[in-house]
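Novice: Just passing along the structure, written as structure tokens.
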Amino acid sequence: MTNTPSSQLASDQMIVRRYLARAGAPPALSPAEAEDCKSEILSLLRKRNALLVAHYYTDGALQELAEETGGFVGDSLEMARFGHDCDAEMLIVAGVRFMGETAKILSPKKTVLMPTLDATCSLDIACPIEDFAQFCDAHPDREVVVYANTSAAVKARADWVVTSSIALEVAEYLSEQGKQILWAPDKHLGSYVQRTTGADVLLWDAACIVHEEFKSRGLEDMRRLHPNAAILAHPESPQAVLEMSDFVGSTTQIISASQRLPNDAFIVATDRGIFHKLQQASPHKKFIVAPTAGEDATCRSCAHCPWMAMNSLESLRTSLSNPVNAIEVNSEVARDAMKPLTRMLEFAKEQRLTVRGKA
Ligand code: 13P
Ligand code: SF4
């Protein structure tokens, strides 16, 4: 069951297109320029007692820099946890806006910078707080569960925030308590949660513009070409793609599955930024981008998030050297969003302890 009316969807799509027109990968630096830029960033990180936290979808050079300088690369849950637990005075978050906001809410005393404040997410855009609040008001008896890919204001209205790595566990937990769920914004992840756990889930109607482009028909053709390859998919992909997949999980879980599974080739249905880490983790395995197609497909929608692509060495250097692009969150919104975010971190910690306890 979904909520958003089609007029709303049309206007969301227009907003997304406008952002896409402005977004796009910055021009590449020459190897010598990149080295200069890196060494400047290194000394700025030291000078400002700052740590770089990067998502797997960002440029490989940023991921390497994060790891080389004591920072972190991970999925959105792990980024939130690292930002919260580390004792740097400043965090610079390479990713999209909700990741920077999450870091700021969880660590109000830290300065949180981003290489750009324009890097948003189609899920965040498609879930404006005014409409979402009406949706919640119309279903007061449901537990409000929102995906991390939302604004701080939407999180402030939620009982739970989840990421793709713990969405199933949270839904199972709530369902066992007889609770009904109101889920926003990603309909594909929400419906995957519904099918897998059997929970009673009322869905908001939005999708990730990158994952929505993966198509099952193309995937079938590709599987015929690579019969021994396992298919790994992020749960933001459409149902038909998930049903064909050998493994469905968050970005970190996809990387772990690629190391664990015996196959020597994988077709991967998520942003191609992840190939940097996949290849690093298993240099002898082959990774193939799952096919994207469809009437609305554009080059920019071909398995690469246009907003993640806005993070570059240069934008990172500019942000650190001035410093600019600090994330600020309204204090009341931050106070209310802190509750479901802390709940998410505590729930995830509990899960880890339980899994370790069972092992
Ligand atoms: P992960 O939490 O799996 O890293 O996903 C974040 C995201 O934006 C996927 O598109
Ligand atoms: Fe949002 Fe999709 Fe980009 Fe992830 S890949 S940040 S869900 S638009």
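Novice: Cβ-Cβ below 6 Å, separation at least six or inter-chain, first residue in segment 303-331 and in a helix (DSSP H, G or I) and within 16 Å of ligand 2 (Cβ to nearest atom), second aliphatic (A, V, I, L, M) and at pLDDT below 95: which pairs?
Specialist: Here the result reads ALA309/ALA25; MET310/ALA23, each pair linking segment 303-331 to a residue that is aliphatic (A, V, I, L, M) and at pLDDT below 95.
Novice: Would you please name the residue that is nearest to ASP221 (Cα to Cα), looking only at residues in segment 255-277 that are within 22 Å of the chain's Cα centre (by Cα) and without any contact (Cβ under 8 Å) to a residue 24 or more places away in the chain?
Specialist: Ranking the candidates gives PHE275 first.
Novice: For segment 184-204, give me each residue that is within 15 Å of ligand 2 (Cβ to nearest atom) and in contact with a strand residue (DSSP E or B) (Cβ under 8 Å, 6 or more places away or on another chain).
Specialist: Residues satisfying the conditions are ALA184, PRO185, ASP186, LYS187, LEU189, GLY190, TYR192, TRP204.
Novice: Here are some residues: ARG81, ARG157, ARG142. Which one is under 26 Å from LYS179 (Cα atoms), in contact with a Leu (Cβ under 7 Å, 6 or more places away or on another chain), in contact (Cβ under 8 Å) with a residue 60 or more places away in the chain and of a type in the set (D, E, K, R)?
Specialist: Just one listed residue meets the conditions, ARG142.
Novice: Regarding VAL93, is this residue part of a strand (DSSP E or B), in contact (Cβ under 8 Å) with a residue 24 or more places away in the chain, within 16 Å of ligand 1 (Cβ to nearest atom) and not charged (D, E, K, R)?
Specialist: Against the criterion (part of a strand (DSSP E or B), in contact (Cβ under 8 Å) with a residue 24 or more places away in the chain, within 16 Å of ligand 1 (Cβ to nearest atom) and not charged (D, E, K, R)), VAL93 qualifies.
Novice: Would you confirm whether any residue within segment 70-83 is part of a helix (DSSP H, G or I), at pLDDT 95 or above, among the aromatic types (Phe, Trp, Tyr) and within 17 Å of the chain's Cα centre (by Cα)? Show your work before the answer.
Specialist: Of segment 70-83, the ones part of a helix (DSSP H, G or I) are 76-83.
In the following step, the residues that additionally are at pLDDT 95 or above were identified as 76-83.
Filter once more, keeping what is among the aromatic types (Phe, Trp, Tyr): 82.
Still in the running and within 17 Å of the chain's Cα centre (by Cα): 82.
Yes; the residues of segment 70-83 include at least one that is part of a helix (DSSP H, G or I), at pLDDT 95 or above, among the aromatic types (Phe, Trp, Tyr) and within 17 Å of the chain's Cα centre (by Cα).
Novice: For the subset of segment 238-255 comprising residues that are hydroxyl-bearing (Ser, Thr, Tyr) and within 12 Å of ligand 1 (Cβ to nearest atom), which member is farthest from SER191 (Cα to Cα)?
Specialist: Among those that are hydroxyl-bearing (Ser, Thr, Tyr) and within 12 Å of ligand 1 (Cβ to nearest atom), it is THR252.
Novice: Select from segment 333-348 the residues that are in contact (Cβ under 8 Å) with a residue 60 or more places away in the chain and acidic (Asp, Glu) and list them in ascending order.
Specialist: ASP336
Novice: I need the full set of residues from segment 109-136 which are aliphatic (A, V, I, L, M) and closer than 20 Å to MET79 by Cβ, in order please.
Specialist: VAL112, LEU113, MET114, LEU117, ALA119, LEU123
Novice: Any idea how many residues of segment 256-277 are within 16 Å of ligand 2 (Cβ to nearest atom) and not aromatic (Phe, Trp, Tyr)?
Specialist: Residues meeting the conditions: 9.
Novice: While we're looking at this one, here's another question. Can you tell me which condition VAL170 does not meet? The list is (1) away from ligand 2 (no atom under 15 Å from the Cβ); (2) at pLDDT below 95, and all the others hold.
Specialist: (2)
Novice: Being in contact with a strand residue (DSSP E or B) (Cβ under 7 Å, 6 or more places away or on another chain), over 17 Å from THR163 (Cα atoms) and not in a strand (DSSP E or B) is the filter; apply it to segment 224-237 and report the residue that is nearest to ligand 1 (Cβ to nearest atom). I'd like the intermediate steps shown before the answer.
Specialist: We begin by selecting, within segment 224-237, every residue in contact with a strand residue (DSSP E or B) (Cβ under 7 Å, 6 or more places away or on another chain); these are 226, 228-237.
Retained after the next criterion (residues that are over 17 Å from THR163 (Cα atoms)): 226, 228-232.
Subset that is not in a strand (DSSP E or B): 226, 228-229.
Numbers: HIS226: 24, ASN228: 26, ALA229: 21 Å.
Filtering segment 224-237 for residues that are in contact with a strand residue (DSSP E or B) (Cβ under 7 Å, 6 or more places away or on another chain), over 17 Å from THR163 (Cα atoms) and not in a strand (DSSP E or B), the one nearest to ligand 1 (Cβ to nearest atom) comes out as ALA229.
Novice: Could you look through segment 54-89, keep only residues that are among the acidic types (Asp, Glu) and away from ligand 1 (no atom under 15 Å from the Cβ), and pick out the one that is farthest from LEU278 (Cα to Cα)? Steps first, answer last, please.
Specialist: Taking segment 54-89 as the starting set, the residues that turn out to be among the acidic types (Asp, Glu) are 59, 64, 67-68, 75, 78, 85, 87, 89.
Imposing the further condition that a residue be away from ligand 1 (no atom under 15 Å from the Cβ) reduces the set to 59, 64, 67-68, 85, 87, 89.
Working: ASP59: 13, GLU64: 13, GLU67: 15, GLU68: 18, ASP85: 26, ASP87: 29, GLU89: 31 Å.
Result: GLU89.
Novice: Going through segment 270-291 one residue at a time, which ones are of a type in the set (Val, Ile, Thr) and in a helix (DSSP H, G or I)?
Specialist: ILE274 - this is the single residue of segment 270-291 that is of a type in the set (Val, Ile, Thr) and in a helix (DSSP H, G or I).
Novice: Let me ask something additional. Just the residues that are within 14 Å of ligand 1 (Cβ to nearest atom), among the aliphatic types (A, V, I, L, M) and not in a loop (DSSP other than H, G, I, E, B), please, taken from segment 104-125. Steps first, please.
Specialist: The initial filter retains those residues of segment 104-125 that are within 14 Å of ligand 1 (Cβ to nearest atom), namely 119-125.
Then drop every residue that is not among the aliphatic types (A, V, I, L, M), which leaves 119, 123, 125.
Hits for segment 104-125 are LEU123, ILE125.
Novice: Would you point out which residue out of PRO115, PRO31, PRO108 is at pLDDT 95 or above and away from ligand 2 (no atom under 16 Å from the Cβ)?
Specialist: Exactly one residue qualifies, and that residue is PRO108.
The values are calculated or read from the model by the stated rules, or taken from the named source; none is laboratory data. Predicted, not measured: the structure shown is a model, and the values here were computed from it. So basically every Cβ, Gly included, is an ideal-geometry build from the backbone, and we count neighbours across all protein chains shown.
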